[in-house]
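FYI, it's all coordinate maths here, none of it is from the lab. Source: prediction; values computed, not measured. Virtual Cβ from ideal backbone geometry, glycine too; neighbours counted across all protein chains shown.
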Amino acid sequence: MAARFLRTTCFGIGRRCWARGGVRLYTVQAGPGSAADVAAFASLEPHPRSVQYLMSTVDVSKIWAFLSTELPIRYAERIRSLEQVPHWEEVPDLVEVRDIHLDSFKAVREAQVDTFAQVAHEAILREQRVVDMMAKSMHYLRRDHGDVITEDFVSKFLDDFLLNRIGCQVLLGHFLACRAGQKSGIIDPRCNTKKVCRAGAKAVLEMCVSCTGLCPNVFVDAYSACGNGLDDDDTPRFPYMPHILKYIVMELLKNSCRATVDMLRAGQLHADDYPINVIVCADEDHVTICVADQARGIPRGVNAWSYLYTTAREGEYGGEKRLAGHGVGLPLSRLYARYLGGALDLVSLPGYGTHAYVNLPRVQTQQVEVVPDADYQYDYASLLNFTV
Ligand SMILES: Nc1ncnc2c1ncn2[C@@H]1O[C@H](COP(=O)(O)OP(=O)(O)OP(=O)(O)O)[C@@H](O)[C@H]1O
Ligand SMILES: [Mg+2]
């Protein structure tokens, strides 16, 4: 490797070398953003953080000290993994996504504590279209190079790439929230699950009416097995990011509403007879959310978790806020659930309906980021401990 590293106050951990208080790495021959610089950071392991860490680290300069080296490690990992996709250079969207990440990597490498807020804002805006671009690109690659771009390859690549992305977005969001004076940053220490699910349901129903003209019935109920003051009566509360919870619930409800509307239309049925139920419940260790519809289920044999699978036709659920159509809602929601040690499962009851279960740990020591990195392999099977 062309780059040479000078490390200060280092102590070794395995084959890595870390400075006290976090990673400090200085490249002297390669400028920030050069190929060697990216390669150097890509060879480092990320440092997953916990909800507990985020809640107790709200000092902006402290967060910046961590992010100034952690974000380049995570961006570099994504750049490296993208450049390893066979034929990636043939797809203009993939080239653009690589450039977007290089821009963010370089900006973070050159930022100082007083310019970092601007850099963080710009990175979030710059990367807004990335999920869409990646999903579309994988469709093209699969069509043109199906021999190497298999469905399994796409799933593994996008799972790792997008999980890494979620982590960066959360860390950037945490910095900005703390800078804006929010006491626990991006975390709501007592996230009100029922309220978040109700807000998600309201937003999806509005979207459903504007896309289809029909409005299914959605009921949100909450229960708790904790009689120790952990929850407010029956409303489970736990430290979490409300916007992530809302995203997951909305994606599940979008699917249930769409399937319900399709069924109502096809059979000239009444919405009152086919309600969608959202059940929020909790014990001391987990919060579980079940979204249950009666829209006949998902056919056996299809892989609804595939980023390449959708039954929505182009423009079918059109409008600005599409109810369905990309094929990424389920796999991406599962990543959001996994990000802090949770899980998302689907049970299809053919001819009856679909139950989706979101299971999230609420014990802070278990709420730790999952950050994929080619240098160390995640045991996804262990995450499935949380399945119901
Ligand atoms: N509750 C459900 N009932 C019936 N089919 C479902 C349900 N949930 C998902 N599906 C099927 O799985 C497919 C994939 O779902 P997914 O949410 O990943 O993508 P999508 O809804 O097609 O598009 P989007 O990216 O906008 O979510 C859907 O197109 C649909 O065929
Ligand atoms: Mg969907």
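Ranked from highest to lowest mean number of other Cβ atoms within 10 Å per residue, what is the order of the peptides 124-132, 327-335? Kindly include the intermediate steps, with their values, before the conclusion.
On the way: 124-132: 14.8, 327-335: 22.2.
So the peptides 124-132, 327-335, ranked by packing, come out 327-335, 124-132.
Could you list the square roots of 5 times each eigenvalue of the Cα gyration tensor of segment 56-163, that is, the equivalent ellipsoid semi-axes, sorted largest first and rounded to whole Å? Display every interim value, and only then the final one.
Values: eigenvalues 187, 35, 23 Å².
Values for segment 56-163, descending: 31, 13, 11 Å.
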* Can you tell which of Ile149, Ala40, Pro275 lies farthest toward the positive end of the dipole of the chain, using +1 and -1 charges on the Cβ of basic and acidic side chains (Lys, Arg; Asp, Glu)? -> Ala40
* **5 angstrom amide H check on Ile276, placed H, neighbours 5+ away** => Asn217, Val218, Phe219
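Compute the length gained on full extension between Val363 and Thr150: take 0.36 nm times their separation in residues and subtract their Cα-Cα distance, giving the result in nm to one decimal. Present the calculation step by step, with values, prior to reporting the outcome.
Numbers: separation 213, 0.36 × 213 = 76.68 nm, distance 3.76 nm.
Between Val363 and Thr150, full extension yields 72.9 nm more.
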* Asked: Along the principal axes of its C-alpha atoms, what lengths does the chain span, in descending order and rounded to whole Å?
  -> 70, 57, 36
* **Structure-based [θ]222 nm, the chain - -39500 (n - 2.57) summed over DSSP H runs of at least 4, per residue, nearest 500** => -14500 deg cm²/dmol
* Please say if segment 188-386 is rounded, prolate or oblate, where rounded means a/c under 1.5 for a ≥ b ≥ c the square roots of the C-alpha gyration tensor eigenvalues, and otherwise the choice is prolate for a/b larger than b/c and oblate otherwise? => oblate
* How large is ³J(HN,Hα) for each residue in segment 59-73, as worked out from phi by the Karplus curve 6.51 cos²θ - 1.76 cosθ + 1.60 (θ = phi - 60°), to whole Hz, x for Gly and Pro? -> 7, 4, 6, 5, 5, 4, 4, 6, 5, 4, 10, 6, 4, x, 4
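How high is the relative contact order of the chain, in percent, with contacts defined as C-alpha pairs under 8 Å that are six or more residues apart?
It comes to 16 percent, rounded to a whole number.
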* Asked: Using 17 Å as the cut-off for backbone N distance, which residues of segment 102-142 belong to the label zone defined by a point 7 Å from the Cα of Glu96 along Cα→Cβ?
  -> 102-104, 123-141
* To do: Could you calculate the contour length gain from Ala266 to Glu316, that is, 0.36 nm times the residue separation minus the distance between their Cα atoms, to one decimal place in nm?
  => 16.5 nm
* To do: Using a Gaussian network model of the chain whose springs link C-alpha atoms within less than 10 Å, name the residue from Val261, Val196, Val209 with the highest mean-square fluctuation.
  => Val209
* Given a cut-off of 25 Å, name the pairs among Lys136/Lys254; Lys156/Lys202; Lys183/Lys246; Lys62/Lys156 whose C-alpha atoms lie farther apart than that in the structure shown. => Lys156/Lys202; Lys62/Lys156
* To do: Could you let me know the centre-to-centre spacing of segment 186-245 and segment 115-150, using Cα atoms, in angstrom?
  => 29
* Give, rounded to the nearest 20 debye, the magnitude of the charge dipole that segment 188-386 has about its Cα centre when Lys and Arg contribute +1 at Cβ and Asp and Glu contribute -1 at Cβ. => 560
